[in-house]
Structures are given as C-alpha cells and as structure tokens.
1. Would it be correct to say that Arg157 is over 22 Å from Glu65 (Cβ atoms) and touching a strand residue (DSSP E or B) at 6+ places or on another chain (Cβ under 7 Å)?
2. If you go through region 88-121 one residue at a time, how many are of a type in the set (Lys, Arg) and in contact with a strand residue (DSSP E or B) (Cβ under 9 Å, 6 or more places away or on another chain)?
3. As an exercise: evaluate Pro132 against (1) outside any helix (DSSP H, G or I); (2) at pLDDT 95 or above and give the number of the one condition it does not meet.
4. If Glu190 satisfies every condition in (1) closer than 20 Å to Thr247 by Cα; (2) assigned to a helix (DSSP H, G or I); (3) over 17 Å from the mean Cα position of the chain (by Cα) but one, which is the exception?
5. Can we say Lys308 is in contact (Cβ under 8 Å) with a residue 60 or more places away in the chain and among the charged types (D, E, K, R)?
6. When you look at Ser233, is it at pLDDT 95 or above and touching a Lys or Arg at 6+ places or on another chain (Cβ under 8 Å), yes or no?
7. Is it the case, given these coordinates, that Ala173 is closer than 20 Å to Leu305 by Cα and either without any contact (Cβ under 8 Å) to a residue 12 or more places away in the chain or in contact with a strand residue (DSSP E or B) (Cβ under 6 Å, 6 or more places away or on another chain) (or both)?
8. What are the residue pairs meeting all of these: first residue in region 1-26, first residue modelled with pLDDT under 95, second residue part of a helix (DSSP H, G or I), Cβ atoms under 8 Å, and 6 or more apart or on different chains?
Amino acid sequence: MLEKFEGCLLGLAIGDALGMPVEGLSPDWIWKLYGKVDDFLPSPDLGLGPGQFTDDTQMMLIHAESIVEKGGVDPEDLAVKFIRWVKEGAPRGIGHTTLRAIKRLMSGASWRESGIEGEFAAGNGVAMRIAPVGLLNAWTPERLREDVEKAGIITHRNSEAINGGLAVAYAVARLASGASPDGLLEEVCEFVGPSRVTENMRRAGELLGKGVEPERALRILGTGGYVVETVASAFYCFLRTPGDFATSVVTAVMGGYDTDTTAAVTGALSGTFNGIQGIPERWVERVEQGHYIRKLAGAIYELALKRKELS
C-alpha cells in the first residue's frame with residue numbers, strides 16, 4: 001500500500017513534468033514540433049529544465065506538507081502556505097482563479113470567503129492538487145467530502161470545481177486502498193452525484209466502451225482548463241490502459257492544450273493503481289524533488305493508517 005501512496009504523488013509530479021514543455025499547444029502542433037513526447041523535455045519559455053514541474057505539483061506539495069504538519073486538512077494553514085508561496089514569487093504558471101483567490105487572502109479575506117465564484121471559476125485548480133486529500137482518506141471515505149470542500153473552497157467556490165476535486169480524490173482513495181479500476185468510473189460518478197463533471201465522465205466511459213481512439217476521444221471530451229474536460233480526459237487516459245502508467249500519461253500529454261494538468265491527474269490515478277514500481281525508473285529517478293515527494297507520501301500513509309485505526 002505504501003507503494004501506491006508513493007506512486008500517486010510521484011505519478012502526479014511526473015505527469016506534470018512531461019506535459020510542462022508543451023502546455024497550451026494543440027495536438028497537431030505537439031506532433032509537428034516534438035513528435036511523441038515520451039520523456040522529460042526543457043521549457044525555455046518557462047525557464048524550466050527536464051523533469052521540473054509546474055504549479056500543479058507545487059500546490060499538491062503544499063497540501064501534502066500541510067496535511068503532514070497538521071495531521072489532517074487545515075484550511076487556515078493551507079491559506080497561510082498559499083500566501084507565502086505567492087509572496088515568495090515561487091509559482092510556476094499559477095492559474096488566474098487561484099491567483100485572484102490568494103490575493104483576496106492577502107487582502108484579509110478568510111479562507112471561507114476567498115474562493116472565486118461564478119462560471120469562470122470552474123477550472124481544474126482543485127482537481128490538480130487534491131490527491132493528498134484522497135490518500136489521507138484511503139480508509140475513511142466518510143471524511144473525504146468535507147476535507148475536499150475545505151481544501152477546495154479556499155480558491156474555487158464553484159460546485160463543478162469542487163466536484164472535479166471530489167472525483168479525483170475519491171478515485172485516489174479507492175485505488176490506494178486496493179480497489180480495482182473495474183467499475184471505478186461508475187462508483188466515482190455515484191459518489192460525486194449529478195453534475196457536468198459526472199456527465200462528461202460517463203461520456204468517457206462510453207468512448208472507452210466503444211474503443212474510440214485517444215485522438216478522437218480526447219477531442220470530444222476536451223483537454224482545456226475547464227474541470228469538466230480535465231477530469232473526464234484523465235479518467236479516459238487512465239482507464240484505457242490501467243496497467244500501463246507510461247502509455248496513460250503520454251496519451252494525456254499528446255491530447256494537447258492543458259497538457260500538464262491532464263497528465264498530472266492521469267499520473268496521480270495511474271500511479272496510485274500501479275504503485276511506484278509500475279512507473280518507469282528513469283522518470284522516478286529524474287523528476288524534481290523525487291525523494292522529498294516519496295517522503296511526504298510515506299508520512300501521509302502513516303496518517304491514513306492512524307485514521308483507519310481510530311475510525
């Protein structure tokens with residue numbers, strides 16, 4: 001089980017790092033400029049080297065660090081850490097909604113009021129960073145919904161953004177506790193409930209059932225920053241090749257547009273199911289802060305076990 005926790009957080013960082021250099025490009029342009037992206041590449045535009053990650057992993061690490069330090073989801077601590085992250089000038093490609101929310105925190109708003117509302121707040125900022133919360137609740141799913149909402153509304157007071165976070169966190173929790181990918185999509189949809197997120201996830205299931213190839217399927221599902229697109233496409237990429245981490249994350253990258261986030265979420269799902277042993281060693285060894293990420297995963301594993309014993 002520890003390998004699953006390590007695989008989840010490392011898988012997220014690896015997917016993020018693989019997608020980082022081609023973020024914003026269409027699938028056609030990725031093919032023209034790079035061919036098949038199946039290894040780490042630099043991004044001169046971002047000033048990042050091969051194996052470095054973006055704000056997706058940075059925010060995931062903030063969640064993980066806070067959980068380890070506080071023994072659970074503490075929105076007050078998360079808010080303080082988000083402010084420090086922005087003040088230190090560390091964000092690598094922070095999303096517009098997230099930045100607006102953190103600036104509201106910096107102006108004195110509480111974590112309950114800082115999140116951005118409205119349809120334009122339905123981004124993937126919660127889904128991309130929420131994996132540690134799923135791991136924490138691997139054996140206590142009854143606490144998952146409250147934890148995701150507390151962590152999510154700091155930046156996104158939008159029901160679909162929260163639903164996307166719920167979908168990813170619940171899937172991570174189930175896979176970390178040993179569940180099979182068979183039937184996972186429907187189980188997640190039942191947990192999240194009626195929403196645009198679950199509608200597109202069910203569409204992903206239909207495309208998988210019909211054997212629709214990735215190029216067409218991801219075009220139908222969407223691979224932009226809209227959470228409804230990101231979550232469905234990530235589940236498609238994972239469930240199409242559940243036992244093959246490399247194929248799943250590369251498929252996500254080659255879908256284009258918000259490549260780092262789609263691949264990060266795909267990597268979190270696939271990494272949880274396959275464990276660290278199922279991730280190519282060359283990526284495990286070369287991803288930025290790999291040893292530190294494994295250490296955090298181990299600490300969350302211990303906390304999740306304690307929650308299990310106390311529940």
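1. Working: over 22 Å from Glu65 (Cβ atoms): yes; touching a strand residue (DSSP E or B) at 6+ places or on another chain (Cβ under 7 Å): yes.
When the stated conditions are applied, Arg157 passes them.
2. Applying the first criterion (of a type in the set (Lys, Arg)) to region 88-121 yields 92, 100, 103-104, 112.
With the extra rule that they be in contact with a strand residue (DSSP E or B) (Cβ under 9 Å, 6 or more places away or on another chain), the set shrinks to 92, 100, 104.
Summing the residues that are of a type in the set (Lys, Arg) and in contact with a strand residue (DSSP E or B) (Cβ under 9 Å, 6 or more places away or on another chain) in region 88-121 gives 3.
3. (1)
4. Of everything listed in (1) closer than 20 Å to Thr247 by Cα; (2) assigned to a helix (DSSP H, G or I); (3) over 17 Å from the mean Cα position of the chain (by Cα), Glu190 misses just condition (1).
5. Details: in contact (Cβ under 8 Å) with a residue 60 or more places away in the chain: yes; among the charged types (D, E, K, R): yes.
Taking the combined requirement at face value, the residue satisfies it.
6. On the way: at pLDDT 95 or above: yes; touching a Lys or Arg at 6+ places or on another chain (Cβ under 8 Å): no.
For Ser233, the condition - at pLDDT 95 or above and touching a Lys or Arg at 6+ places or on another chain (Cβ under 8 Å) - is not met.
7. Working: closer than 20 Å to Leu305 by Cα: yes; either without any contact (Cβ under 8 Å) to a residue 12 or more places away in the chain or in contact with a strand residue (DSSP E or B) (Cβ under 6 Å, 6 or more places away or on another chain) (or both): no.
No: the conditions fail for Ala173.
8. Every condition considered, the pairs that remain are Met1/Ala176; Met1/Tyr301.
The values are calculated or read from the model by the stated rules, or taken from the named source; none is laboratory data. Because the structure is predicted, anything quoted here is derived from the model rather than measured. Here the Cβ is made from the backbone with ideal geometry for all residues, glycine too, and neighbour counts use every protein chain on show. Only protein heavy atoms, including side chains, enter the accessible area calculation; ligands, DNA and RNA are left aside. Shrake-Rupley method; radii C 1.70, N 1.55, O 1.52, S 1.80 Å.
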